[in-house]
Amino acid sequence: MAQSNLRKIYKNFIHAFPLLFIFFLAFTGFDLTFFLFENSFSFNFIYAVIFYWVLKKPERLGYGLIFLVGIINDVVQNFPIGISSINYLFLCAIASFIRARTLMPNLLYDWIFFLIAIMIVSSVNYTILTLVFDYPIKYGTLMFSSFITFLIYPALSKIFYQITIIDLREENAQ
Amino acid sequence: MATETGRDDFVIAIRSAFLKKGTRQKFSLFTLLIISTLVLSLEYFKSGPVDTFRSIAKDLIFKGSFFISEPFVYIKKNYYNFKDHLQMYEKYTELKNKNYNLDSLKNENKFYKSENNRLKKLIDEKNIYSKESLLSKVLLDQQSPYLKSIIINKGFKHGIKLGTAVKEKSYFVGKIINVNFLTSRILLANDLNSKIPVIIEPSGANAILSGQGNNNYAGLEYLPKLKKIKEGDIVYTSGIDGIIPQAIPVGKIIEKDENLFVEFFVDFNQLKYVSVNK
C-alpha cells in the first residue's frame, strides 16, 4: 500500500515536473549568478523550460500558469508587474509557431530557434523596461545572460527529454 | 502560386499560435497578452486601491517565496558556517597578533563623543534623525545581475518609511525602496542603481558611493581631485540628502588599477538580521 502511494507521488511529480520546476524558479529567483570580468551574469532557466515544454509537450504547461509565473517573477525580481508575463507569453507564441511550422524536429534547429526566440524576447523586454518605465538595466548584461542561457539549452533539453521519457513510461505502465 | 501558399501557411501558423487554445489550455495566448498589458499598465497607479492590492499580493508572494527558499537558505547558512570554521584558526591568529588596546580606544572615543556634543551645542545644530531603530529579519536575499536587494519582514504596519537607512550592527547596508503592508525591499549599497552621498575621513571629501554590482566593493563618483585620499581611509554616510543619517560607516578605501574604490564592511552574502532607522 505504502509502496503504491509512493509510486503515485513519484508519477504525479514527474507528470507535473515542468510546472513545479518553473514555479520553484520563479519563487526562489534561482539563476546561478556568477562573476566574469567583474560583472555578474546569470542563466534564465525559465526561458529554457518554457521554450522546451511548449515546443515538445504544450499540454504539460498551461499558458495561464505561465502568466502567473511571470507575475511572481516580477514581484521577486522587482520588475514592473506584468513584464515577465508578456515576455514568457511571447516566448510561448514563438515556440508554438515553430511547432506548427516544423516537420522534422531536431535539436540543432530547436537550439537555433531558441537563440532567435530569446533574442526577440530580451529585446522586447529591454525596450519596454527602458522606454516605458525608464528602468535602469544594462543591455550588455541582459543580452549576455540570454546568450549563456542559449549555450546551456542543449544540456537542459537532454535532461528534459529524459524526464519526458520517464513520464511516458509511467503513463504507459498504467 | 507557391509563394501564396507559403504566405497562407505562415499566417495560419501565427494565427494558430496566438488565437488557438491548445489541448488542456483554458486561455489563448492573445487573451493572456492583453491581460498582461492591462496588468502592466496598472503600474502607473502608485496609490489608492490598486496600490493596496499590489502591496497585499507582494506580501503573499514574498511569504510564499520565503517558505520555498527556506531549505536552500539553510544550506547556504551552513555552507558559510562551515567556511567560517575552516578560517577560524587563521582569524584567531590574526586577532591575537593585533594589539588593539581597546581600553585606551574606548576612553578616546568617549572624549571625542563628549567634545562633539559640546561643539554641536555651540553651533546650535539639531539632530533631525531619529535614533530609534527596528530589528528585522531578512526573508529573501535577491542578488541577480539586475538587482541586489533583500526583503525584510517589516512593512508600513510597523512604521517603516521609504528611503530610510538600513544597518547591520553599525554598518550601512542600503536603503528602503519599496514598502508593503508586512514586508519591505531594501536596495543594497552594491546595486548598480544605488547612489549614496558619503564623506571620506580624515580628509572630509564628499563623494557619491555608486554600486557596481560587486559584492565586495563599490565605486566613488564626483570625488574632488585636490583632496588627499589614501588607502585605508574610512567612508561614512554624509547625510547630505537629508534622509540617510550621517556618520554610518560604509567601508574603507582601497586602490585598484590606480582607481579608488570602497570596500564594504558588510558581507552582503550573510545578512540575517538588519536594523531599520525609524
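Here B:Ala247 and B:Asp267 are evaluated by their C-beta separation; at R0 = 30 Å the FRET efficiency comes out at 0.90. Which log10 I(q)/I(0) values does chain A give at q = 0.09, 0.11, 0.15 Å⁻¹ under the Debye formula, counting every alpha carbon as one identical point scatterer? The Cα Debye sum returns log10 ratios of -0.33, -0.49, -0.87.
Loop-located chymotrypsin sites (Phe, Trp or Tyr not before Pro) in the range A:94-159 (DSSP state other than H, G, I, E, B) with a sparse environment of at most 13 neighbouring Cβ atoms within 10 Å are absent.
Here the 3J(HN,Hα) profile of the range B:214-223, calculated from phi with Karplus coefficients 6.51, -1.76 and 1.60 at θ = phi - 60°, is 9, 6, 9, 9, 9, x, 10, 10, 6, 7 Hz, Gly and Pro shown as x. Take the Kirkwood radius over Cα pairs of the range A:77-174, plug it into Stokes-Einstein at 10 °C and 1.306 mPa s, and you get 103 µm²/s for translational diffusion. Starting from a Cα-only point model with no solvent, please compute log10 I(q)/I(0) by Debye for the protein assembly as shown at q = 0.09, 0.10, 0.12 1/Å. Scattering profile of the protein assembly as shown, log10 relative to I(0): -0.71, -0.85, -1.12. A simple rule links phi to the HN-Hα coupling: the Karplus curve 6.51 cos²θ - 1.76 cosθ + 1.60 with θ = phi - 60°, which for the range A:107-114 gives 4, 4, 4, 4, 5, 5, 5, 4 Hz, with x for Gly and Pro. Relative to the Cα centre, the charge distribution of the range B:183-278, modelled as +1 at Lys and Arg Cβ and -1 at Asp and Glu Cβ, gives a dipole magnitude of about 260 debye. Here the dipole of chain B is about 960 debye; that uses its Cα centre as origin and unit charges on the Cβ of Lys and Arg (positive) and Asp and Glu (negative). Each label point was placed 7 Å from the Cα along the Cα-to-Cβ direction; for A:Val124 and A:Lys158 their separation is 3.1 nm.
Exposure proxy shown here: for B:Thr52, A:Thr164, the number of other Cβ atoms within 10 Å sets the order, fewest to most, as B:Thr52, A:Thr164. Both radii come from the Cα set of the range B:47-135: Rg as radius of gyration, Rh as Kirkwood radius; their ratio Rg/Rh reads 1.22. Among the GluC sites (Glu not before Pro) in the range B:190-268, those placed in a DSSP loop whose Cβ has at most 13 other Cβ atoms within 10 Å are B:Glu231, B:Glu258.
Across chain B, the mean sequence separation of Cα contacts (distance under 8 Å, 6 or more residues apart), normalised by length, yields a relative contact order of 15 percent. Mean residue ellipticity, 222 nm, helices only, chain B: the sum of -39500 (n - 2.57) across DSSP H runs of n ≥ 4, divided by residue count and rounded to 500, is -12500 deg cm²/dmol. Note on B:51-63: average number of Cβ atoms from other chains within 10 Å of each residue's Cβ is 2. Between B:Tyr222 and B:Thr93, the simple spin-label model (points 7 angstrom out along Cα→Cβ) gives 4.6 nm.
Computed from phi, the 3J(HN,Hα) profile of the range B:232-239 under the Karplus parametrisation 6.51, -1.76, 1.60 (θ = phi - 60°) reads x, 4, 9, 10, 10, 6, 8, x Hz, with x in place of Gly and Pro.
When the convex hull of its Cα atoms is viewed from all sides, the range B:133-277 shows a mean projected area of 8.0 nm².
Sparse packing (at most 10 other Cβ atoms within 10 Å of the Cβ) combined with a DSSP loop state is found for the following chymotrypsin sites (Phe, Trp or Tyr not before Pro) in the range B:47-104: B:Tyr100.
Cross-link pairs exceeding 25 Å between alpha carbons, from the set B:Lys91/B:Lys225; B:Lys148/B:Lys169; B:Lys77/B:Lys278: B:Lys91/B:Lys225; B:Lys77/B:Lys278.
When the range A:1-99 is described by a simple charge dipole with +1 on each Lys and Arg Cβ and -1 on each Asp and Glu Cβ, the residue from A:Phe13, A:Trp53, A:Val69 located farthest towards its positive end is A:Phe13. Shielding by partners for peptide B:144-156, expressed as the average number of C-beta atoms from other protein chains within 10 Å of each residue's C-beta, is 4. So for chain B, taking the charge dipole from beta-carbon charges (+1 Lys/Arg, -1 Asp/Glu), which of B:Ile176, B:Ala13, B:Ser210 sits furthest toward the positive end? It is B:Ile176.
When the range A:16-173 is described by a simple charge dipole with +1 on each Lys and Arg Cβ and -1 on each Asp and Glu Cβ, the residue from A:Ile165, A:Thr141, A:Phe27 located farthest towards its positive end is A:Ile165. Given +1 at the Cβ of Lys and Arg, -1 at the Cβ of Asp and Glu and no other charges, the dipole of the protein assembly as shown around its Cα centre is 1140 debye to the nearest 20.
Only the coordinates and a few stated rules stand behind these numbers; no lab work does. Bear in mind that the values here come from a model prediction, so they are computed numbers and not experimental data. Cβ coordinates were reconstructed from backbone atoms using ideal geometry, including for glycine residues, and neighbour counts include every protein chain displayed.
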